[in-house]
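Beneath this line is the structure, given in structure tokens, with notes to follow.
The values are calculated or read from the model by the stated rules, or taken from the named source; none is laboratory data. Quick caveat: nothing in here was measured; it's all calculated off a predicted structure. Methodologically, a virtual Cβ is constructed for each residue, glycine included, from the backbone with ideal geometry; neighbour enumeration extends over all protein chains shown. Just so you know, the surface numbers come from the protein's heavy atoms only, side chains and all, with ligands and any DNA or RNA stripped out. Shrake-Rupley method; radii C 1.70, N 1.55, O 1.52, S 1.80 Å.
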Amino acid sequence: MNILESVAPLADSHDGFILDIWGVLHDGEKPYPGVPEALRELRARGKRIVLLSNAPRRAWTVAEALAAMGLPAPLFDGIVTSGEVAWTLLRDRTHPFFAKLGNRAFHIGPERDLSVIEGLDIRVTRDPAEAEFVLNTGPDLEHGRQSTAPYQAMLEGAAAKRLPMVCTNPDRAVMVAGQRLICAGAFADVYMGLGGEVMEIGKPDPMVYETVLATLGLPPSRIAAVGDTPHTDLAGAAAVGVDAIWALTGLAGDHFGPDPSPDALDAEAAREGVRPVAALRSLRW
């Protein structure tokens, strides 16, 4: 696998970029070195950029967080989050899975994620006995972010009631300032193991790419999608026919270390069933 030291060669071959956020632009606390400068260079060359994240929150909340990190809105053309897509599906209720949900949600996750139901006729409860579905946005500080074990009883309680689960972040883990933490997808795995019905919203589902591709307005052959996770970012890119670029930051950096060999990357890609066209050391110019 070809390992690129800079995003500059991709700017010669592509006009549009789909960028993952967490693990590509920042580490959960601050941008990776060179990211703001790389985005400015891409924009200066007329490149279109849409950020696509499995964040379980509305896009406006992510935009505010990025701006606070020094990554303001002029650096990209738009943001699409799994939380934003989930909000739309919960609002419209036209999708068969969402059409059958009630309006009482057993929420697993921190309160900051409740932007995913803002303005909607949905009441949150912490008691699965009072709920009609599970709204899974990920771990909270009270129960911890290292393991699913503290959440086992609540997941079992919801499964016993046969509540369908809406998982607003299919990621299983994320790196935060060098620490590996679980995400909502880890709860989805446990819930399915308990026999629960789960709808995951986010990459790699092609549905979440619809707005992204419409915003870019480019042929797929001129678009590159950059992400650090094979089963979401790279698989999602393949599903919509755009070039997948494997960022060696975030989860990939945690898995491989600072200097993976091309052979190691090829072997892992084969295990994951993905075929990225290149790897990128980090998003820098």
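What the phi angles of the stretch 107-113 give under the Karplus curve with 6.51, -1.76 and 1.60, with θ = phi - 60°, is a coupling list of 8, 10, x, x, 4, 5, 7 Hz, glycine and proline written as x. In a Gaussian network model over the chain where Cα atoms closer than 10 Å are linked, find which of Ala239, Ala11, Ala68 has the largest mean-square fluctuation. Evaluated over the chain, the most mobile residue of the options is Ala68.
The alpha-carbon positions of the stretch 60-110 define a convex hull whose volume is 100 Å³ per residue.
Please work out the average accessible area per residue across the stretch 1-131, using the 1.4 Å probe convention, and give it in Å².
On the way: 5460 Å² over 131 residues.
Spelled out: the 1.4 Å probe surface of the stretch 1-131, per residue, equals 42 Å².
Distances between placed amide hydrogens fall under 5 Å for Ala247 paired with Gly227, Asp228, Leu280, all partners being 5 or more residues away or on another chain. DSSP beta bridges confined to the stretch 140-285 are antiparallel in about 30 percent of cases.
A straight Cα-to-Cα reach below 20 Å connects Lys203 with none of the lysines, residues fewer than 8 places away in its own chain not being considered. The long axis of helix 184-193 is offset from the longest Cα principal axis of the chain by roughly 50 degrees. For Tyr32, the solvent-accessible surface computed with a 1.4 Å probe is close to 40 Å², ligands and nucleic acids excluded. For Val176, nonlocal amide neighbours, meaning residues 5 or more places apart or on other chains whose placed amide H falls under 5 Å from its own, are Leu181. Among the aspartates and glutamates, which fall within straight-line cross-link reach of Lys30, defined as a Cα-Cα distance under 19 Å, with same-chain neighbours fewer than 8 residues apart omitted? Lys30 reaches Asp20, Glu64, Asp228, Asp254.
Note on the chain: GNM, Cα springs under 10 Å; of Ala38, Ala238, Ala99, the largest mean-square fluctuation is that of Ala99.
Taking GluC sites (Glu not before Pro) as exposed when DSSP calls them loop (any state but H, G, I, E, B) and at most 13 other Cβ atoms lie within 10 Å, what is the longest stretch of the chain free of them, the sites themselves excluded? Write out the running numbers ahead of the final one.
Details: sites that count: Glu5, Glu29, Glu118, Glu142.
Within the chain, the longest run free of exposed GluC sites (Glu not before Pro) spans 143-285.
Among the trypsin sites (Lys or Arg not before Pro) found in the stretch 85-138, those both in a DSSP coil and sparsely packed, with 10 or fewer other Cβ atoms within 10 Å of their Cβ, are Arg126. Across the stretch 60-210, Cα-Cα distances exceeding 26 Å account for 24% of all pairs. DSSP beta bridges confined to the chain are antiparallel in about 10 percent of cases. Which one of Asp20, Asp233, Asp205 has the biggest mean-square fluctuation once the chain is modelled by GNM with Cα springs under 10 Å? Maximum among the listed residues: Asp205.
Here the accessible area is traced with a 1.4 Å probe on the protein chains. For the chain, carbon and sulfur cover 52 percent of it. Might you work out the accessible area of Met175 for me, using a 1.4 Å probe with all protein chains in place, and round it to the nearest 10 Å²? For Met175, solvent-accessible area is about 20 Å². The slack between Asp121 and Arg275, meaning 0.36 nm per residue of separation minus the straight C-alpha distance, is 51.2 nm.
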